[in-house]
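In what follows, a single structure is set out as structure tokens and then discussed.
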Amino acid sequence: MSEMYGKGILKGLGVTLKRFWDTYWEDAVWLFRQVTRGERRYRSPEGIAHRASKNTRGIFTVQYPEEKLPVPEEFRFVPFLVYEEGPNGEKVMRCTSCGICSRVCPPQCIWIVRTTDPETGRPIPDPAEFYIDIDICMNCGLCAEFCPFDAIKMDHDYELASFGRSVYDKEKLAKPVSYYESIRPLNAARENAARAAKEAARLAASAKPEA
Amino acid sequence: MTAPAPVETLDLAARFPGWVTPDSRPGYSGWIVEKDKLLDFARALRDDLGYDYLSSVTGVDYLPEGKMEVVYHAYKTTGGPGVNFKVQVERRDPVEVPSLVSIYPGAEFQEREAWDLLGIKFTGHPDLRRILMWEDFAGHPLRKDWREAYFEEEFKPFKSRWPEGKFQMAEDKARLGDNLSFPAGFDPRKKTDFDPEKALYEALRQYQKTESGLETEHLLVNIGPHHPSTHGVFRVAVVLDGETIVNLKPVMGYLHRNHEKIGERNTFLMNMPYTDRLDYLTSMSNNFGYALAVEKLMGITPPERAEYIRVMMAELTRIANHVWAIGFLLNDLGAYFTPMLYAQEERELILDIFEAVSGSRMMCNYFRFGGVARDLPDGVLEKVRDLAFDRLPRKVDELENLLADNEIIRARGIGQGVLTAEDAIRYSTSGPLLRASGIPYDVRRAEPYSIYDRLEFDVACRPNGDIYDRMMIRFDEIRQSLRIIQQTVKQIPAGPIMAVKPAYQVRVPPGEAYGRVEGPKGELGFYIVSTGKSSPWRYHVRAPSFINLTAFGPMCVGQKIADLVAILGSIDIVLGECDR
């Protein structure tokens, strides 16, 4: 026991008082910065970045939904299918309906119908149907991690609240490459380089016998 | 501390001839004990050989061999490798095995769980009731021939998903009412006289006699399952004499989803994101334990850089968990939300790191067999450095200033809810609960895994075993975790992050493995049996939240009812892990 009863409580109150002071002092500091540099504490990228850094003081609540923390590149929420835009603006799916994503999916929420050639009966590398049961998806990201064609990727859009059951079909899941490159620039650049290297190696290998 | 005897030199078969034989199945280790000699064996193991800590009890259903097996893992609290022994019995209904509760009281809940899920009857158990399923449930779901509602196939991946994936919602395939099966002779439309609570209340009532022999009027109070201070859907049935607790029984399973059955349908890799959902506050640690167990079976070790990343993440998880635990203990003491939110702020910054590294704040799914899923993105190491060297030490001191000397916390914490050192071992408690009772037992030191043997840190320990010590030990552990993180940040080497090529179907040789880590809540163990197929044959989680609750009753008896909530808060349970 401390020698004076109430000392510990006063010490604790000192901590809360300091927090109180810090919060308003920060406001004053940012007011000064707003006047001199035009930087604001709230509803501005620099303000949010400051509140997510080690130097933040006082209360550092991010006022969602008016403000949103920027999501890091690796952030994952619900998969989508990547398509390339063809010369006439048609959507060319990267997906070949190989089925690896539906086999690796832990809650088994991916359903794929493979297209087969009606004449030969051989599979065509393009999914006829592609469903993801969004309400069952656990956002683990394994489908995107093990897709050999970079065709299924995890999205950044996390505001998906709905009143009913959400089952996304191929139409709803498809998003252009440009969107993918905008949310994950580093990953996309890495994958593009790897694909280009593979393609170059393939061309070199096929060119050799002719030479 | 004497050097622990390595398990290889421990020849139990020579010591107990006729009782014990080595387990010679390929990939297995340990000893098979004769059923009739189990009690004598366990007593000798505890008293003569010093294996005083029974970590895990579970069963395995070897359906093709027509056998059931009970698997025990015992350790010494002075450290060193453990001993693993088994009892095999013919697979009947019900299977009978002697109960070890009289020797290791920590087996109480675990044996109840094995009875509930596997139908192994432990003879001599003082209170053998179902624990996770409800009392009038029929069948034992972890048996291999038991099938759940909405059953599709034995193993994932399910064949309907590809290539002819005709999408059907699960609720359309088996409509409500069609998804139930009843035992023979049971008519759901007829009212039965069965009272599911009767067994519970009867178990409580046997303690109603007082010392003086006077029949006094005791009061039975149910706290929970929907009570804000039980940290989830958890219920305690308490018998009170005035305001003093005479006896109590925790009732759990409200969040039970049979994680282990799901795990046995999943492939090995699919289980990784499911482990996140055990103790959802410490997903990185859960990943760690599971990855260790499977890596033991596969015989691979992750590369150096991956080990450093793993340890860094596991220790950040510990800090995030402990600030949460301290904050919510204060909530339970009645200091609503101010201390909790002060503690929470630092957790937010840690979760930002997890989000950048793994893609998710809480459900990290970051570890892979043989490494981690991806390397640290640019800037993350600097963020960790900023937190570990600058912000967190400062903030932990501030939080301690706020709480440690507070007269109300001291008055309500010191000397309350005491768990003695002997009881802490007997009841198989682990983690901060065990160490606050004066037992410096930490898996990271007792049986080091990963790179912990190379890192400098102390095992936090406090002598009194009361609520206050259990709060303060979490501050000590945060400081030790910061020391570890500081070392990993300084020493982390460059290099690969995976020992093997990433694959979605791993080949796991047949055998058994028990991987255990020092999770923030205590010893988190994964017992895995592989038959060489793509899914584990048996997947068992030794959940610290669940087993720590074994000591909850003894800690509360004699205390006032108002302290029950504080004692529960000081254990720090998460129901996702407790109920599995």
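Suppose we keep only residues that are of a type in the set (A, V, I, L, M) and surrounded by fewer than 18 Cβ atoms within 10 Å (Cβ to Cβ) within the stretch A:144-173. Which one would you say is nearest to A:M93 (Cα to Cα)? Break it down into steps so the answer makes sense when it comes.
Initial filter on the stretch A:144-173 (of a type in the set (A, V, I, L, M)): A:144, A:151-152, A:154, A:160-161, A:167, A:173.
Subsequent filtering for residues that are surrounded by fewer than 18 Cβ atoms within 10 Å (Cβ to Cβ) retains A:160-161, A:167.
Numbers: A:L160: 24, A:A161: 27, A:V167: 19 Å.
Looking at residues that are of a type in the set (A, V, I, L, M) and surrounded by fewer than 18 Cβ atoms within 10 Å (Cβ to Cβ), I get A:V167.
For the stretch B:377-387, what are the residues that are under 25 Å from B:R479 (Cβ atoms) and either surrounded by fewer than 18 Cβ atoms within 10 Å (Cβ to Cβ) or at the interface with another protein chain (Cβ under 10 Å from one of its Cβ atoms) (or both)?
Within the stretch B:377-387, the first condition is being under 25 Å from B:R479 (Cβ atoms), and the residues that meet it are B:380-387.
Hits for the stretch B:377-387 are B:V380, B:L381, B:E382, B:K383, B:R385, B:D386, B:L387.
Scanning for something more than 19 Å from B:I425 (Cβ to Cβ), at pLDDT 90 or above and assigned by TED's automatic domain parsing to the domain that holds B:Y452, does the stretch B:545-553 turn up at least one residue? Quick ask: steps written out before the conclusion?
Going residue by residue through the stretch B:545-553, those that are more than 19 Å from B:I425 (Cβ to Cβ) are none.
There is no residue in the stretch B:545-553 that is more than 19 Å from B:I425 (Cβ to Cβ), at pLDDT 90 or above and assigned by TED's automatic domain parsing to the domain that holds B:Y452.
Looking only at the stretch B:501-558, count every residue that is more than 10 Å from the chain's Cα centre (by Cα) and at positive phi and tell me the total.
3
If you check B:R410 against the conditions, is it assigned to a helix (DSSP H, G or I) and either among the basic types (K, R) or in contact with a Lys or Arg (Cβ under 9 Å, 6 or more places away or on another chain) (or both)?
Numbers: assigned to a helix (DSSP H, G or I): yes; either among the basic types (K, R) or in contact with a Lys or Arg (Cβ under 9 Å, 6 or more places away or on another chain) (or both): yes.
Yes, satisfied.
For the stretch B:483-506, enumerate the residues that are among the charged types (D, E, K, R) and outside the structural domain of B:I451 (by TED's automatic domain parsing).
B:K501
For residues that are farther than 21 Å from B:F268 by Cα and of a type in the set (A, V, I, L, M), scanning just the stretch B:363-383, find the one that is nearest to the chain's Cα centre (by Cα). First the steps, then the outcome.
First pass over the stretch B:363-383, keeping only residues farther than 21 Å from B:F268 by Cα: B:375-383.
Checking the rest, the ones that are also of a type in the set (A, V, I, L, M) come to B:376, B:380-381.
Numbers: B:L376: 29, B:V380: 30, B:L381: 30 Å.
My answer is B:L376.
Being in contact (Cβ under 8 Å) with a residue 40 or more places away in the chain and not polar (S, T, N, Q) is the filter here; which residues of the stretch A:84-128 pass it?
Hits for the stretch A:84-128 are A:E84, A:E85, A:K91, A:M93, A:R94, A:C95, A:C98, A:I100, A:C101, A:V104, A:P127.
For the stretch B:340-386, enumerate the residues that are over 30 Å from B:Q505 (Cβ atoms), in contact with a Lys or Arg (Cβ under 7 Å, 6 or more places away or on another chain) and acidic (D, E).
B:E346, B:D386
For the stretch A:41-55, which residues satisfy the criterion of being of a type in the set (G, A, S), in a helix (DSSP H, G or I) and within 14 Å of chain B (Cβ to nearest Cβ)?
First, the residues of the stretch A:41-55 that are of a type in the set (G, A, S): A:44, A:47, A:49, A:52-53.
Remaining after also requiring in a helix (DSSP H, G or I): A:47, A:49.
Matches in the stretch A:41-55: A:A49 only.
Scan the stretch A:102-134 for residues that are in a loop (DSSP other than H, G, I, E, B), within 16 Å of A:K170 (Cα to Cα) and within 11 Å of chain B (Cβ to nearest Cβ) and report the count.
So the first thing to find is which residues in the stretch A:102-134 are in a loop (DSSP other than H, G, I, E, B), and the list is A:105-109, A:117-122, A:134.
In the following step, the residues that additionally are within 16 Å of A:K170 (Cα to Cα) were identified as A:109, A:134.
Narrowing further to those that are within 11 Å of chain B (Cβ to nearest Cβ): A:109.
Total meeting the criteria: 1.
Considering B:R483, B:R479, B:R454, which residue is away from chain A (no Cβ under 14 Å) and closer than 29 Å to B:C578 by Cβ?
On the way: B:R483 fails: closer than 29 Å to B:C578 by Cβ; B:R454 fails: closer than 29 Å to B:C578 by Cβ.
Just one listed residue meets the conditions, B:R479.
Considering only residues that are touching a Ser or Thr at 6+ places or on another chain (Cβ under 8 Å) and more than 19 Å from B:N287 (Cβ to Cβ), which ones fall in the stretch B:506-535?
B:P509, B:P510, B:G511, B:E512, B:S534
Yes or no: A:F163 aromatic (F, W, Y) and touching a strand residue (DSSP E or B) at 6+ places or on another chain (Cβ under 8 Å)?
No; evaluated as a whole, the condition is false for this residue.
Restricting attention to strands (runs of 3 or more DSSP E) lying wholly within the stretch B:1-99, give those where 1 or more residues are of a type in the set (K, R).
Details: elements: B:20-22, B:31-33, B:53-62, B:67-75, B:83-90, B:95-98.
Because the criterion is at least 1 residues that are of a type in the set (K, R), the strands (runs of 3 or more DSSP E) in the stretch B:1-99 that meet it are B:67-75, B:83-90.
Within the stretch B:435-442, is there a residue that is modelled with pLDDT of 90 or more, within 30 Å of B:R412 (Cα to Cα), of a type in the set (K, R) and in the same structural domain as B:L330 (by TED's automatic domain parsing)?
yes
So B:G299 passes all but one of these: (1) farther than 29 Å from A:V71 by Cα; (2) within 14 Å of chain A (Cβ to nearest Cβ); (3) out of contact with any Ser or Thr (no Cβ under 9 Å at 6 or more places or on another chain). Which condition number does it fail?
(2)
Would you mind stating whether B:T275 is under 16 Å from the mean Cα position of the chain (by Cα), away from chain A (no Cβ under 14 Å) and crowded, with 24+ Cβ neighbours inside 10 Å? Steps first, answer last, please.
On the way: under 16 Å from the mean Cα position of the chain (by Cα): yes; away from chain A (no Cβ under 14 Å): no; crowded, with 24+ Cβ neighbours inside 10 Å: yes.
So B:T275 fails the test.
From the residues in the stretch A:1-40 that are within 11 Å of another protein chain (Cβ to nearest Cβ) and of a type in the set (V, I, T), which one is farthest from B:L399 (Cα to Cα)?
Among residues in the stretch A:1-40 that are within 11 Å of another protein chain (Cβ to nearest Cβ) and of a type in the set (V, I, T), the one farthest from B:L399 (Cα to Cα) is A:I9.
Just give me the residues in the stretch B:515-525 being closer than 17 Å to B:T301 by Cβ and surrounded by 24 or more Cβ atoms within 10 Å (Cβ to Cβ), in sequence order. I'd like the intermediate steps shown before the answer.
In the first step, residues of the stretch B:515-525 are kept if they are closer than 17 Å to B:T301 by Cβ; the result is B:515-517.
Scanning the stretch B:515-525 gives B:R516, B:V517.
For the stretch B:82-96, indicate whether the set of residues that are crowded, with 16+ Cβ neighbours inside 10 Å and within 18 Å of B:L549 (Cβ to Cβ) is non-empty.
no
With (1) part of a helix (DSSP H, G or I); (2) in contact (Cβ under 8 Å) with a residue 40 or more places away in the chain as the list, and A:K153 as the residue in question, which single condition is left unmet?
(1)
Which one is surrounded by the fewest Cβ atoms within 10 Å (Cβ to Cβ) among residues in the stretch B:325-362 that are assigned to a loop (DSSP other than H, G, I, E, B) and under 24 Å from the mean Cα position of the chain (by Cα)? Don't jump to the end; show me each part of the working.
Filtering the stretch B:325-362 down to residues assigned to a loop (DSSP other than H, G, I, E, B) leaves B:333-337, B:359-362.
Retained after the next criterion (residues that are under 24 Å from the mean Cα position of the chain (by Cα)): B:360-362.
On the way: B:S360: 23, B:R361: 18, B:M362: 16.
Out of the qualifying residues, it is B:M362.
Could you tell me which of the residues B:V418, B:V443 is touching a residue at least 12 places away in the same chain (Cβ under 8 Å), out of contact with any strand residue (DSSP E or B) (no Cβ under 6 Å at 6 or more places or on another chain) and either away from chain A (no Cβ under 14 Å) or over 30 Å from B:L351 (Cβ atoms) (or both)?
Values: B:V443 fails: out of contact with any strand residue (DSSP E or B) (no Cβ under 6 Å at 6 or more places or on another chain).
Being touching a residue at least 12 places away in the same chain (Cβ under 8 Å), out of contact with any strand residue (DSSP E or B) (no Cβ under 6 Å at 6 or more places or on another chain) and either away from chain A (no Cβ under 14 Å) or over 30 Å from B:L351 (Cβ atoms) (or both) holds for just one of B:V418, B:V443, which is B:V418.
Does the stretch B:462-473 contain any residue that is within 14 Å of chain A (Cβ to nearest Cβ) and within 21 Å of the chain's Cα centre (by Cα)?
Looking only at the stretch B:462-473, we keep the residues that are within 14 Å of chain A (Cβ to nearest Cβ), and these are B:468, B:471-472.
Then drop every residue that is not within 21 Å of the chain's Cα centre (by Cα), which leaves B:471.
Within the stretch B:462-473 (the criterion being within 14 Å of chain A (Cβ to nearest Cβ) and within 21 Å of the chain's Cα centre (by Cα)), the answer is yes, since at least one residue qualifies.
The values are calculated or read from the model by the stated rules, or taken from the named source; none is laboratory data. As the structure is a computational prediction, the values presented were derived from the model and not from experiment. Backbone-built Cβ (ideal geometry, glycine too); neighbour counts: all protein chains shown.
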